[in-house]
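Undergrad: Structure provided below as structure tokens; questions to follow.
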Amino acid sequence: MIRFLLFTCALLTLLPHYCVAQNANVVIIPQPNLMVVQQTTFELSPATVIVYDKKTSKKDISHLQKQIQRETGLTLKATKKRKPENVIRFVTDYSITIPDNGYQLFVRNNEIEIRGNFAGHFYAIQSLLQLIRKENSKILIPVTNIMDHPRFPWRGMHLDVVRHFFGKQDVKNYLSWMARYKMNVFHWHLTDDQGWRIEIKKWPRLTSVGAYRNGTLKGHYTESPDVYDTSRYGGFYTQNDIREIVRYADSLHITIVPEIEMPGHVSALLAAYPELACTPGPFEVQRTWGVFDDVLCPSEKTFSFLQDVLDEVCKLFPGKYIHIGGDEAPKVRWKNSTYCQSLIKQHQLKDENGLQSWFVQRIVNYLQSKGKRAIGWDEILDGGLAKGAAVMSWRGEQGGLDAALAGHYAVMTPGSHCYFDHYQSAYPTEPLAFGGYTTVEKVYSYEPVPKILPKEKHEYILGTQGNVWTEYIPDFSQVQYMIFPRMLALAEVGWTQPGNKNWTMFKEKLPIHFSWMEREGIRYSRAVYDLKFIPKPNPNGPGILLHIETPDGLQAQYRIGKDQTMRTYVEPIPLQESAIVYAVSAKDELPVGAYNTYNYWHHLGSGNAVTLTPPPHQQYSNGGAFTLTDGITGNLPWKGSEWLGFLGEDLTAIYDFQKPTAIGSIRVVSLADEGSWIHGHRPVQVFASEDGLTYKAVRVKKVNSGFAQTPPLQEAFYQCQATTRYLKVVVPNSGIIPDGKPGAGHRAWLFVSEIIIE
Ligand code: ACM
């Protein structure tokens, strides 16, 4: 294979760029399944003509013309007349040489030929667009042969427009970005507790009442007490808006799967039509996040209502699948309803899960009668899977696996790899996110077909999808940030045969796509270039040794404190006084990522070989006892790595200072995040010992440290007077979680990040 080098270096914008010699083999995302690139080029010019055959879609031609115009400024003519050269020729080919939705793209010196079927031409266009380079004011495409087709038929992206609402143009942009990366299913989460976002003519209160809420939670769901802003918030899509978006999606070969949640996540619906609940209400369009007990009552009135809604939904969306939700539907209302209990008896159902299955089966049958298929979140398996329903596996891969084993179709979208509302960077500067930590590399590593699924069942795995829940995504620029570049990684998971995937190559391809994002004004994350601070004890003295780890091929540049001199990191940095270390991944001394800071607090305990009895809980034992002496007082939002967790147990730390040492104060930095069952500690006790065997209590006095406390971070500051070689600090757990708090009756977590001894 001859390698063709293109030198591309995007313009400098906010961040200095990662300039690389771009190998033309290493450009297209998702990676084509067979691609050979040569050293010569085809030059695109105003004289280049698009030639197409009878079966070529006019929409595809028009898409190519528009995109070429947008990306190069060239307006290309299209014709059905034959022309010998300087053409982009479309040939429709349904022969077996090209798998369904596949294409062949031949870029020769004097012409480009695209052969494809179904959506194949469109996908060839996307590959072609990604190959275009400007060099010395020429628009060039490397001579290339590609043979390519998708691995999975469902390459999806989901968007929650309920928790936060995004207008028509935002949705269209989202679709256009999916299309660039050959994704073809848009899962549109249109209804939930916090809003109803689709006009239903027969039931107008769904939008006049259900589309608006009287405020929105501020900050994180798990923080307490809750704080709300009080502005009315909402919006919805009219049926005309929806038709326009459906037409646009169709021009991009994207099918829209609308989601109408049932029987749970229906607060907005019940606020509009309370008579469909099991209890009288009233209900409000929720202002906060989570799971709510009020669900639809499975009455004839409800079914008739849902059928009306689905009638209109089915007319608006031409695709085969309608998503009927089914997740997180608490059963307490059904348990307490004599009507529901009589239904369970009447239909000889096992329990409330059986009733949900019965509910779902009725809806599945109704949709089938209208020529549609239902898909639901994996909870629809809980009481037995409805015949004819497909499953969207989100609580792991088990749901998808069970469905496929039983001969049902499944879409794999496990929270662990496919939830793009999770953090993608461990930097403390990340915008607030739902939780979790899903790096672009982790997304890339995802394999949608469970290992233990027998080969003959593989066809039931339809594909995969990235989910974008928007509780903590208040505006569209943040949607962009959360999906770019994770969506690109998932696009490759869905399209490319596993044998052709390669993480190193994917990373090499990213800079050219980042340049495109910048040209398009898209906000994206450079977390793929994140560096890691790794503090270690310093065997040669007090304090710590700060190691910095960068991704392959990059080096760290750093500076310390007020000194502005940037240095290249070559060996661990000894820290023996309090200081802030600023560092960034760099290529040839040019920053390529975002800066990270290590805010080191030097104190008597820094780097001390402290022992902990008992050890921290294995789930939160990162870095071991050294975590308490690494000079880092824990960042928000907390993500585990700087914290030690103790479940129901006290923290007991023993320090050996090697010689009698005067102690004046102790600060304990801990968390109080009751929504996560993490409670503050009881009063700290301090003991001194000369021999490490017998300890005497040291009198402590709690004082106000004068530092602002940022909940859920908290700091307890104690004055004490002792001169001692050994020091024991006991931080008592708060014990059993009291009634009325989340997790009442369970053991509380104690989370401590640092004990500062001065
Ligand atoms: C879900 O994340 N509740 C499907």
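Undergrad: May I ask you to derive the FRET efficiency for VAL49 and GLN685 from their Cβ-Cβ distance with R0 = 56 Å, giving the value to the nearest 0.05?
TA: Details: r = 84 Å, r/R0 = 1.51.
For VAL49 and GLN685, the calculated efficiency is 0.10.
Undergrad: Ok, one more. Over its Cα atoms, what ratio of radius of gyration to 2.2 N^0.38 Å does the range 683-758 give?
TA: On the way: Rg = 15.3 Å, N = 76, 2.2 N^0.38 = 11.4 Å.
Against the compact-globule rule of thumb, the ratio is 1.34.
Undergrad: While we're looking at this one, here's another question. If all Cα-Cα distances of the range 279-327 are sorted into 5 Å bins from 0 onward, what percent lands in each bin, rounded to whole numbers?
TA: 4, 13, 20, 21, 20, 15, 5, 1
Undergrad: Which of the aspartates and glutamates could a cross-linker bridge to LYS587, judged by Cα under 12 Å and excluding same-chain residues fewer than eight apart?
TA: ASP552
Undergrad: Kindly identify the range 30-144 as rounded, prolate or oblate by the Cα gyration tensor criterion: order the square roots of the eigenvalues as a ≥ b ≥ c, call it rounded if a/c is under 1.5, otherwise compare a/b with b/c, prolate if a/b is larger, else oblate. Before the final figure, lay out each step's value.
TA: Values: a/c = 1.60, a/b = 1.22, b/c = 1.30.
Because a/c hits 1.5 or more and a/b fails to exceed b/c, the range 30-144 counts as oblate.
Undergrad: Under the rule of at least 5 residues apart or a separate chain, name every residue whose amide H is placed under 5 Å from the amide H of ARG89.
TA: VAL51, ILE112, GLU113, ILE114
Undergrad: Still on this structure: Expressed in nm to one decimal, what extension gain is obtained for the pair GLU441 and GLU328 from 0.36 nm per residue of sequence separation less their Cα-Cα distance? Walk me through the numbers on the way to the answer.
TA: Details: separation 113, 0.36 × 113 = 40.68 nm, distance 2.91 nm.
Separation in residues times 0.36 nm, less the Cα-Cα distance, equals 37.8 nm.
Undergrad: Something else: Of GLN31, PRO330, PRO742, whose Cα points farthest to the positive end of the dipole of the chain (charges on the beta-carbon: +1 Lys, Arg; -1 Asp, Glu; origin at the Cα centre)?
TA: It is GLN31, whose Cα lies furthest towards the positive end.
Undergrad: With +1 on each Lys and Arg Cβ and -1 on each Asp and Glu Cβ, and nothing else charged, work out how big the dipole of the chain is about its Cα centre, in Debye to the nearest 20. List each step's numbers first, then the result.
TA: Details: 78 positive and 74 negative charges, 425 e Å.
The dipole magnitude comes to about 2040 debye.
Undergrad: If you don't mind, another one. So, R0 is 56 Å and r is the distance between the beta-carbons of LYS218 and GLU135; what FRET efficiency does that work out to, to 0.05?
TA: Working from the Cβ atoms, E equals 0.65.
Undergrad: Along the charge dipole of the range 515-569, which of THR568, PRO537, LEU554 sits closest to the positive end, that is, farthest toward it, with unit charges on the beta carbon of Lys, Arg, Asp and Glu (+1, +1, -1, -1)?
TA: It is PRO537.
Undergrad: Taking 0.36 nm per residue of sequence separation and subtracting the Cα-Cα distance, how much length would be gained by fully extending the chain between GLN39 and LYS335, in nm to one decimal? Numbers along the way, then the final one.
TA: Details: separation 296, 0.36 × 296 = 106.56 nm, distance 7.03 nm.
Using 0.36 nm per residue and subtracting the Cα-Cα distance, I get 99.5 nm.
Undergrad: Using a Förster radius of 30 Å, what is the FRET efficiency between ASN145 and LYS455 based on their Cβ-Cβ separation? Nearest 0.05, please.
TA: Details: r = 31 Å, r/R0 = 1.02.
Efficiency, from the Cβ-Cβ distance: 0.45.
Undergrad: What is the Cα centroid distance between the range 49-68 and the range 117-131, reported in whole angstrom?
TA: One Cα centre to the other: 11 Å.
Undergrad: Based on C-alpha coordinates, I'd like the Rg and Dmax of the range 608-758, in Å.
TA: 15.0, 48
Undergrad: Let me ask something additional. Just to be sure I understand the model, the point goes 7 Å from the Cα along the line to the Cβ. What's the resulting VAL91 to GLN398 distance in nm?
TA: Here the answer is 5.2 nm between the modelled labels.
Undergrad: For a test of the definition: using alpha carbon positions, the gyration tensor, and the 1.5 limit on a/c, classify the chain as rounded, prolate or oblate.
TA: Working: a/c = 2.38, a/b = 1.28, b/c = 1.87.
The shape class here is oblate.
Undergrad: To the nearest 10 degrees, how steeply does helix 239-251 sit against the main Cα axis of the chain, on a 0 to 90 scale?
TA: The angle comes out at about 80 degrees.
Undergrad: Measure off 7 Å from each Cα along the Cα-to-Cβ vector at GLN497 and LYS741, then give the distance between these two points in nanometres to one decimal.
TA: Result for the modelled spin labels: 5.7 nm.
Undergrad: Starting with the fewest neighbours, write out HIS681, HIS602, HIS547, HIS347 ranked by other beta-carbon atoms found within 10 Å of each beta-carbon. Present the calculation step by step, with values, prior to reporting the outcome.
TA: Values: HIS681 23, HIS602 18, HIS547 15, HIS347 10.
The order, fewest Cβ neighbours first, is HIS347, HIS547, HIS602, HIS681.
Undergrad: Next up: Specify which residue in the list PRO614, THR470, GLN480 is farthest towards the positive end of the charge dipole of the chain, using unit charges on the beta carbon of Lys, Arg (+1) and Asp, Glu (-1), about the Cα centre.
TA: Projecting each Cα onto the dipole axis, the largest value belongs to GLN480.
Undergrad: Next up: Rounded, prolate or oblate, given the Cα gyration tensor of the range 214-302, with a/c below 1.5 counting as rounded? All intermediate terms of the calculation are to be shown ahead of the outcome.
TA: Numbers: a/c = 2.24, a/b = 1.31, b/c = 1.70.
Oblate.
Undergrad: Note down the nm distance, to one decimal, between modelled labels 7 Å out along Cα→Cβ at SER477 and at GLU758.
TA: Once both label points are built, they end up 3.8 nm from each other.
Undergrad: Counting pairs of Cα atoms in the range 497-605, how many percent are more than 23 Å apart?
TA: Of all Cα-Cα distances in the range 497-605, 40 percent exceed 23 Å.
Undergrad: Any lysines with Cα under 25 Å of the LYS202 Cα? List them, leaving off those in the same chain fewer than 8 positions away.
TA: Reachable lysines: LYS168, LYS301, LYS315, LYS320, LYS370, LYS372.
Undergrad: Apply the Karplus parameterisation 6.51 cos²θ - 1.76 cosθ + 1.60, with θ equal to phi minus 60°, to every residue of the range 418-423 and state each ³J(HN,Hα) to the nearest whole Hz, in sequence, with x for glycine and proline.
TA: 10, 9, 8, 8, 7, 4
Undergrad: Moving on to the next point. Could you work out the helix-only [θ] at 222 nm for the chain, with each DSSP H run of four or more residues adding -39,500 (n - 2.57) and the total divided by the number of residues, to the nearest 500 deg cm²/dmol? Walk me through the numbers before you get to the answer.
TA: Details: 16 runs with 164 residues, N = 758.
Counting only the DSSP helices, I get -6500 deg cm²/dmol.
Undergrad: Measure out, as a whole number of angstrom, how far apart the alpha-carbon centroids of the range 317-376 and the range 249-301 sit.
TA: Their Cα centres are 13 Å away from one another.
Undergrad: Multiplying the sequence separation of GLN555 and ASP100 by 0.36 nm and subtracting their Cα-Cα distance, what value in nm do you get? Walk me through the numbers before you get to the answer.
TA: On the way: separation 455, 0.36 × 455 = 163.80 nm, distance 4.47 nm.
That works out to 159.3 nm of additional length.
Undergrad: Stokes-Einstein diffusion coefficient for the range 125-224 at 20 °C in a medium of 1.002 mPa s, Rh from the Kirkwood formula over Cα pairs: what value in µm²/s? Let's see the in-between values first.
TA: Numbers: Rh = 17.5 Å.
This corresponds to a translational diffusion coefficient of 122 µm²/s.
Undergrad: Then there's this: How big is the antiparallel share of DSSP beta bridges in the chain, given as a percent to the nearest 5?
TA: Values: 98 of 143 bridges.
Roughly 70 percent of the DSSP beta bridges within the chain come out antiparallel.
Undergrad: Within the range 683-742, which trypsin sites (Lys or Arg not before Pro) sit in a loop by DSSP and count at most 14 neighbouring Cβ atoms inside 10 Å? Mind dumping the intermediate values first?
TA: Details: sites: LYS696, ARG699, LYS701, LYS702, ARG725, LYS728; in loops: ARG699.
In loop regions of the range 683-742 (DSSP not H, G, I, E or B), the sparsely surrounded trypsin sites (Lys or Arg not before Pro) are ARG699.
Undergrad: So how do ARG213, ARG486, ARG133, ARG362 line up by other beta-carbon neighbours within 10 Å, fewest first?
TA: Working: ARG213 23, ARG486 29, ARG133 19, ARG362 15.
Taking fewest neighbouring Cβ atoms as first place, the list is ARG362, ARG133, ARG213, ARG486.
Undergrad: Here is a follow-up. What's the center-to-center distance, using Cα atoms, between the range 469-548 and the range 560-632 in Å?
TA: Here the two parts' Cα centres lie 21 Å apart.
Undergrad: Further question on the same structure: Each residue of the range 439-447 in turn: what ³J(HN,Hα) in whole Hz from Karplus with 6.51, -1.76, 1.60 and θ = phi - 60°, glycine and Pro shown as x?
TA: 6, 4, 5, 5, 4, 4, 6, 5, 10
Since every read-out is calculated from the coordinates, none of them should be taken as a lab result. Model, not experiment: these values are computed from the prediction. FYI the Cβ positions are ideal-geometry reconstructions off the backbone, even for glycines, and counts take in every protein chain you see.
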